[in-house]
Amino acid sequence: MTEEHVYEMKSRWVKEKIVTIEIVGKPTIECASPIDFWPERPPDLYSPEDLFLASVVACYGVSIPGIAKRFHAEFNDFEVKAKANLIKGEFGWEFEKISISAKITVSTNKDKKKMTKVAERAHRYCVVANSMKCPVDIDAEIILQ
């Protein structure tokens, strides 16, 4: 038997190149074309490109604690950063590659070893990264503090 999870949301046009993102039970956000393509846009709105990259960072970030628990690995803190290159592809603009860097702090050498595996597995099992067309590279640094 195949397990399936369904996620739903909708978007409505607000004005110009601004739309809403609406998910039942959650605050509505407004989203606009990126400033690269619409210089006069309101600067405080997220773009679809921002949200695309945010989903990669968030998915990796929420995967770390879950996998660390399975490995019985302790960490003190972590920070995840990402960078993505948008290029002109065969059918228009597309992300060429996403690079993630993570800094994870631990207290023991034993946890440093475990968290190295956790960092790799968190990337391997990230639903969002696994669903993307472009490659996602990861560089995780485990810091003993």
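For region 2-18, check the following and say yes or no: at least one residue is closer than 29 Å to Ala122 by Cα, surrounded by 14 or more Cβ atoms within 10 Å (Cβ to Cβ) and either at pLDDT below 95 or not polar (S, T, N, Q) (or both). No: region 2-18 contains no residue that is closer than 29 Å to Ala122 by Cα, surrounded by 14 or more Cβ atoms within 10 Å (Cβ to Cβ) and either at pLDDT below 95 or not polar (S, T, N, Q) (or both). Here Ala54 meets the list (1) in contact with a His (Cβ under 8 Å, 6 or more places away or on another chain); (2) at pLDDT 95 or above almost entirely, failing just condition (1).
Among the candidates Ser99, Ser47, the residue that is touching a residue at least 12 places away in the same chain (Cβ under 8 Å) and surrounded by 16 or more Cβ atoms within 10 Å (Cβ to Cβ) is uniquely Ser47.
Based on this model, can you work out whether Glu120 counts as acidic (Asp, Glu), closer than 26 Å to Leu144 by Cα and touching a strand residue (DSSP E or B) at 6+ places or on another chain (Cβ under 6 Å)? Give the derivation first.
Working: acidic (Asp, Glu): yes; closer than 26 Å to Leu144 by Cα: yes; touching a strand residue (DSSP E or B) at 6+ places or on another chain (Cβ under 6 Å): no.
Here the answer is no, as Glu120 does not meet what is asked.
Residues satisfying the criterion are absent from region 25-42 (criterion: surrounded by 11 or more Cβ atoms within 10 Å (Cβ to Cβ) and at positive phi). Residue count for region 17-39 under the criterion of being out of contact with any Asp or Glu (no Cβ under 9 Å at 6 or more places or on another chain) and in a loop (DSSP other than H, G, I, E, B): the result is 7.
Here region 59-96 is the region considered, the condition is being aliphatic (A, V, I, L, M) and more than 22 Å from Cys134 (Cβ to Cβ), and the residue that is surrounded by the fewest Cβ atoms within 10 Å (Cβ to Cβ) is Ile67.
Quick check on Ile104: is it surrounded by 14 or more Cβ atoms within 10 Å (Cβ to Cβ), in contact with a Ser or Thr (Cβ under 6 Å, 6 or more places away or on another chain) and more than 14 Å from Val56 (Cβ to Cβ)? Steps first, please.
On the way: surrounded by 14 or more Cβ atoms within 10 Å (Cβ to Cβ): yes; in contact with a Ser or Thr (Cβ under 6 Å, 6 or more places away or on another chain): no; more than 14 Å from Val56 (Cβ to Cβ): yes.
So Ile104 does not fit the description; no.
Going by the structure shown, is Asn109 modelled with pLDDT of 95 or more and surrounded by fewer than 12 Cβ atoms within 10 Å (Cβ to Cβ)? For Asn109, the condition - modelled with pLDDT of 95 or more and surrounded by fewer than 12 Cβ atoms within 10 Å (Cβ to Cβ) - is met.
Which one of Glu74, Glu40, Glu96, Glu79 is in the same structural domain as Cys134 (by TED's automatic domain parsing) and over 22 Å from the mean Cα position of the chain (by Cα)? Outline the logic, then answer.
Numbers: Glu40 fails: in the same structural domain as Cys134 (by TED's automatic domain parsing); Glu96 fails: over 22 Å from the mean Cα position of the chain (by Cα); Glu79 fails: over 22 Å from the mean Cα position of the chain (by Cα).
Only one candidate qualifies: Glu74.
The C-beta contact set for region 63-87 (first residue small (Gly, Ala, Ser), second residue surrounded by 16 or more Cβ atoms within 10 Å (Cβ to Cβ) and assigned to a loop (DSSP other than H, G, I, E, B), distance under 7 angstrom, 6+ apart or interchain) comprises Ser63/Cys126; Ala68/Phe75.
The values are calculated or read from the model by the stated rules, or taken from the named source; none is laboratory data. In this text, all values refer to a predicted model and were calculated from it rather than measured experimentally. Every residue, glycine among them, receives a Cβ derived from its backbone with ideal geometry; neighbour counts consider all protein chains shown.
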